[in-house]
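Asks: Sharing a structure below in C-alpha cells format, with a few things to ask.
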Amino acid sequence: MTGGTRQETGGRDALRVVVVGAGITGLLAAIRCVLAGYRVVLLERGPIPNPGSTSFDQHRALRALVAGDPAATNRASRLHARWHELDSLLCDHLTGAHLYRRVGVLTALPPGDAASALATAEAAGLSIRTADPADYPHIGFPADAAVVLEPHAGVLLADRILHAAARWLRHHPLADLRPGREVVGVRPESGRVLLACGAVESGDVALVAAGPWSAALMDLPVTLHCQTMVYLRPPAELVHRWAATPIAGGIGADGRAWLLPSVAGTLVKISTDAVRREVATLSGPSDEAHWATRVLRAGIVTEADRYTTARVRHCHYSTAAGGDTGFVRVGPAVWARPASGGDGFRSAPQAVEAVVDAIGRELAA
C-alpha cells in the first residue's frame with residue numbers, strides 16, 4: 001500500500017483526519033492516511049483492536065471468482081495484490097509469520113455452471129481448474145456438484161491483521177490512537193465528531209468506519225443482517241487433513257454453505273446463507289442454540305458429530321441498495337462506509353484506497 005511524498009513532510013500543517021471506528025476499514029484508512037502524510041486521530045469505543053467489532057474474527061476468505069461476471073472477477077483479483085502489499089507492510093519480519101495464506105478456494109457449482117465459471121476465469125485472466133470432490137471426503141458437497149479450485153486465493157488471518165495494523169500505527173508519529181472513545185454523532189456539515197463524554201473532536205476530514213453502527217451515526221439507509229458462524233475442533237486424526245484443506249463455498253446439502261479451514265492453528269469455521277437473516281437491531285439473537293443447530297445440520301462437514309463445537313458467533317453487517325460497499329460522501333468533509341456486505345473485510349483496501357485518493361484529488365485541486 002503505497003503513499004505520497006507527504007509521508008516524509010507531514011507535520012503540524014498536515015491535513016487532520018478523524019477516523020471513527022478501529023475495525024479493518026478504520027485501521028486501513030488510518031494507515032493509508034498517514035502514508036499520504038496526513039495526521040490521523042483514530043477513535044474507538046472499546047480497545048484497539050476491539051474483540052467486539054465485526055472485523056474481529058480468526059480468519060476471512062479472499063477469493064476472486066464471480067462466476068458469469070468477468071469484470072467483477074477482475075476487480076476482485078486485484079485485491080490479491082493489495083493484501084500482499086499489506087502483508088509485507090504489517091507481517092512480523094522477524095518470524096516471517098504472514099497474515100495472508102494462499103490456501104486456495106474450492107467452489108461447488110451445479111454441473112451446468114462449471115463451463116461458465118471456467119470461461120469467466122479465462123476472460124479475467126484468473127487461474128482456476130476443476131477439482132475432484134472425492135479428494136476432500138471431509139467436506140459435504142451437494143450431490144452431483146462440479147467443483148473448481150482457485151489455487152491462488154486464500155485466508156486472511158483477520159484478528160492478527162487487526163493487531164498488526166494497530167501495532168504499526170502506534171509506532172507512527174502521525175497516528176494518534178484513542179481507545180475508549182464512544183462516538184454518539186457526527187455533524188455532516190462540519191465534520192465535528194461528538195463523543196459520549198461530551199467532548200468534540202474536529203478535523204479537516206472525518207471518515208466514519210464503524211461497521212454496521214456507521215449508518216446509525218449518520219442516519220443512512222441500510223439493511224442490517226445477522227449471520228451465525230460455528231467454530232469446530234476436528235477429531236485428532238483429521239487435524240493434518242484440515243490444515244491442508246482449501247476454503248470451500250457452495251457446499252452443504254443445499255449448496256448454500258461455506259467453510260474456512262484450520263489455518264495457522266485456527267478452528268474450522270462453518271456457516272450457511274440459510275441462517276443469514278435481516279434484523280432490526282444490532283443486539284444478539286435470543287435463540288442462539290436454534291441458529292447454531294441449523295448450521296451444524298446443514299451437511300457442511302461429513303460426520304459432524306465427531307467434531308467439538310468450540311464457539312458460536314453471531315456477526316452483524318449491513319448492506320445498501322445496489323450493493324455498494326465503498327465510502328459515500330455525506331457532507332463537505334465527511335465520508336462514511338455505512339454498508340460493507342458480507343465481504344467487507346476482503347474489500348476494505350479498495351474502499352479505503354478510493355476515499356483517500358478522492359481526498360488527495362481535492363487537496364490538489
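The values are calculated or read from the model by the stated rules, or taken from the named source; none is laboratory data. Just so you know, these numbers come straight off a predicted model, no measurement behind them. Heads up, the Cβs are rebuilt from the backbone with ideal geometry, glycines too, and the neighbour counts pull from every protein chain shown.
Asks: Looking only at residues that are among the aliphatic types (A, V, I, L, M) and more than 17 Å from the chain's Cα centre (by Cα) in the stretch 73-102, which one is farthest from Arg256 (Cα to Cα)? Can you show your working first?
Replies: Keep residues of the stretch 73-102 that are among the aliphatic types (A, V, I, L, M), which gives 76, 79, 81, 86, 89-90, 94, 97, 99.
Filter once more, so that each one left must be more than 17 Å from the chain's Cα centre (by Cα): 89, 94, 97.
Details: Leu89: 35, Leu94: 41, Ala97: 33 Å.
Checked the stretch 73-102; the qualifying residue farthest from Arg256 (Cα to Cα) is Leu94.
Asks: Can I ask one more? Scan (1) surrounded by fewer than 17 Cβ atoms within 10 Å (Cβ to Cβ); (2) among the polar types (S, T, N, Q); (3) not in a helix (DSSP H, G or I) for the single condition Ser318 breaks and write down its number.
Replies: The single condition Ser318 does not satisfy is (1).
Asks: From the list Gly191, Gly203, Gly154, Gly180, pick out the single residue that is surrounded by fewer than 19 Cβ atoms within 10 Å (Cβ to Cβ) and either without any contact (Cβ under 8 Å) to a residue 40 or more places away in the chain or not acidic (Asp, Glu) (or both).
Replies: Working: Gly191 fails: surrounded by fewer than 19 Cβ atoms within 10 Å (Cβ to Cβ); Gly203 fails: surrounded by fewer than 19 Cβ atoms within 10 Å (Cβ to Cβ); Gly154 fails: surrounded by fewer than 19 Cβ atoms within 10 Å (Cβ to Cβ).
Going through Gly191, Gly203, Gly154, Gly180 in turn, the sole match is Gly180.
Asks: Looking at the stretch 10-19, is at least one residue assigned to a strand (DSSP E or B), over 15 Å from His172 (Cβ atoms) and at pLDDT 95 or above?
Replies: Initially, the stretch 10-19 is screened for residues assigned to a strand (DSSP E or B), giving 16-19.
With over 15 Å from His172 (Cβ atoms) added as a condition, the list becomes 18.
Then drop every residue that is not at pLDDT 95 or above, which leaves 18.
Yes.
Asks: Please work out if Ala71 is part of a helix (DSSP H, G or I), surrounded by fewer than 17 Cβ atoms within 10 Å (Cβ to Cβ), modelled with pLDDT under 95 and aliphatic (A, V, I, L, M). Even if it seems obvious, please write down each step before you answer.
Replies: Details: part of a helix (DSSP H, G or I): yes; surrounded by fewer than 17 Cβ atoms within 10 Å (Cβ to Cβ): yes; modelled with pLDDT under 95: yes; aliphatic (A, V, I, L, M): yes.
Taking the combined requirement at face value, the residue satisfies it.
Asks: Condition (residue is modelled with pLDDT of 90 or more, over 17 Å from Leu79 (Cα atoms) and touching a Pro at 6+ places or on another chain (Cβ under 7 Å)) applied to the stretch 334-352: is it met by at least one residue?
Replies: Within the stretch 334-352 (the criterion being modelled with pLDDT of 90 or more, over 17 Å from Leu79 (Cα atoms) and touching a Pro at 6+ places or on another chain (Cβ under 7 Å)), the answer is yes, since at least one residue qualifies.
Asks: Same structure again: Taking the condition of a type in the set (A, V, I, L, M, F, W, C), in contact with a Cys (Cβ under 8 Å, 6 or more places away or on another chain) and either crowded, with 16+ Cβ neighbours inside 10 Å or at pLDDT 95 or above (or both), does Leu99 pass?
Replies: Details: of a type in the set (A, V, I, L, M, F, W, C): yes; in contact with a Cys (Cβ under 8 Å, 6 or more places away or on another chain): yes; either crowded, with 16+ Cβ neighbours inside 10 Å or at pLDDT 95 or above (or both): yes.
For Leu99, the condition - of a type in the set (A, V, I, L, M, F, W, C), in contact with a Cys (Cβ under 8 Å, 6 or more places away or on another chain) and either crowded, with 16+ Cβ neighbours inside 10 Å or at pLDDT 95 or above (or both) - is met.
Asks: I'd like to know if the stretch 271-286 contains one or more residues that are closer than 17 Å to Ala215 by Cβ, in contact with a Phe, Trp or Tyr (Cβ under 9 Å, 6 or more places away or on another chain) and not in a helix (DSSP H, G or I).
Replies: In the first step, residues of the stretch 271-286 are kept if they are closer than 17 Å to Ala215 by Cβ; the result is 278-283.
Narrowing further to those that are in contact with a Phe, Trp or Tyr (Cβ under 9 Å, 6 or more places away or on another chain): 282.
Within this subset, residues satisfying the condition of being not in a helix (DSSP H, G or I) are 282.
Yes, the stretch 271-286 contains a residue that is closer than 17 Å to Ala215 by Cβ, in contact with a Phe, Trp or Tyr (Cβ under 9 Å, 6 or more places away or on another chain) and not in a helix (DSSP H, G or I).
Asks: Scan the helices (runs of 4 or more DSSP H) fully inside the stretch 144-250 and keep the ones with 1 or more residues being of a type outside the set (Phe, Trp, Tyr) and outside the structural domain of Leu296 (by TED's automatic domain parsing). Can you show your working first?
Replies: Details: elements: 158-170, 214-218, 239-243.
Once the helices (runs of 4 or more DSSP H) in the stretch 144-250 are filtered for at least 1 residues that are of a type outside the set (Phe, Trp, Tyr) and outside the structural domain of Leu296 (by TED's automatic domain parsing), what remains is 158-170, 214-218.
Asks: Still on this structure, I have one more. Could you figure out which of (1) surrounded by fewer than 16 Cβ atoms within 10 Å (Cβ to Cβ); (2) within 30 Å of Pro235 (Cβ to Cβ); (3) under 16 Å from the mean Cα position of the chain (by Cα); (4) of a type outside the set (Asp, Glu) isn't true of Gly323?
Replies: For Gly323, the failing item is (2).
Asks: Within the stretch 93-144, track down each residue that is of a type in the set (Ser, Thr, Tyr) and touching a Phe, Trp or Tyr at 6+ places or on another chain (Cβ under 6 Å). Before the answer, list the steps.
Replies: Filtering the stretch 93-144 for residues of a type in the set (Ser, Thr, Tyr) gives 95, 100, 107, 116, 120, 127, 130, 136.
Passing the criteria: only Tyr100.
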